[in-house]
Amino acid sequence: MSAIRVEPRAGWAERITRLASIRLLWSRCVTLSLVELAKIRHDRTELYTRAIQPALWLLIFGETFTRIHAIPTGKLPYLDYLAPGIMAQSALFIAIFYGIMIIWERDFGILTKLMATPTPRAALVTGKAFAASVRAISQVVVVLVLSAILGVTFDWNPLRLLGAVAAVVLGSVFFSTLSMTIAGLVLTGERLMGIGQAITMPLFFASNALYPVALMPSWLRAVAAVNPLSYEVNSLRELLLGLPGNLVIDFLALVLACVLGIVRASALLSRLAR
């Protein structure tokens, strides 16, 4: 009889522990995201400077290739086809260098203090990864405004816009954890910047951001199939342009990439804090 009474209590203890872990994870994500938002509010210079690149892609590259019809996109204008790709690219360029902030925090002793708290490493990494998505969302707003000005025929349904934001958030989480993983391996800001610059353009060009996968050679199609940026762009085109696709597969791929990125970055966080 005593064994029968203990089992429910153990089960409740496990549930309470899980709920506490979820609450802690949510709390860290919200707190670090608010900190990032406060940084943006106090210094908007980075927002303005980062808006230049997507504007150039849309105004120069998009408008030019729409006129010359160099890339076949069916009945869809090339500028419309390009806009979701530039949205994902802008978020990528922000997230891929986010690991340098971890190195700065280590140099100032902040990371050591965070590691001394009872907060799990996975919660710290996840919180920082979602904080990186705050800056990415600001880029989404910039691209949406530019697209509206240029006459891109997006579906402005609020639910679809929220889905697009979710896709960008997941993409930013993965690429920021990739950046944190690199930071844990190289340990210096200079090396991180060099590797980040070396892999950013290959990730961009080895995706479907600029052109359909059908136009790629077979070896590049294989690379695009394992590139999370391709799934992010797919989901954005499905949500904002109504192009046929599979949102379930796209989001599952992004979630899986995020989980793997968080696990790997968490394992290397202690090495960075030494």
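Coordinate-derived values only; no laboratory data. The shown structure was predicted, so the numbers you read here are calculated from the model rather than taken from an experiment. Cβ: placed from backbone, ideal geometry, glycine included. Neighbour counts: every protein chain shown.
Under the rule a/c < 1.5 gives rounded, and otherwise a/b versus b/c splits prolate from oblate, where does segment 160-208 land using the Cα gyration tensor? List each step's numbers first, then the result.
On the way: a/c = 3.75, a/b = 1.78, b/c = 2.11.
Taking the square roots of the gyration eigenvalues as a ≥ b ≥ c, segment 160-208 is oblate.
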*asked:* If neighbour count is taken as other Cβ atoms inside 10 Å, put 128, 113, 75 in order from fewest to most.
replied: 75, 113, 128
_Between residue 162 and residue 27, what is the label-point separation in nm under the 7 Å Cα-to-beta-carbon projection?_
2.7
*Quick one: if the Förster radius is 30 Å, what FRET efficiency do residue 256 and residue 76 give, using the C-beta to C-beta distance and rounding to 0.05?*
0.55
_Extension gain (nm, one decimal) between residue 225 and residue 34, 0.36 nm per residue minus Cα-Cα_ = 65.3 nm
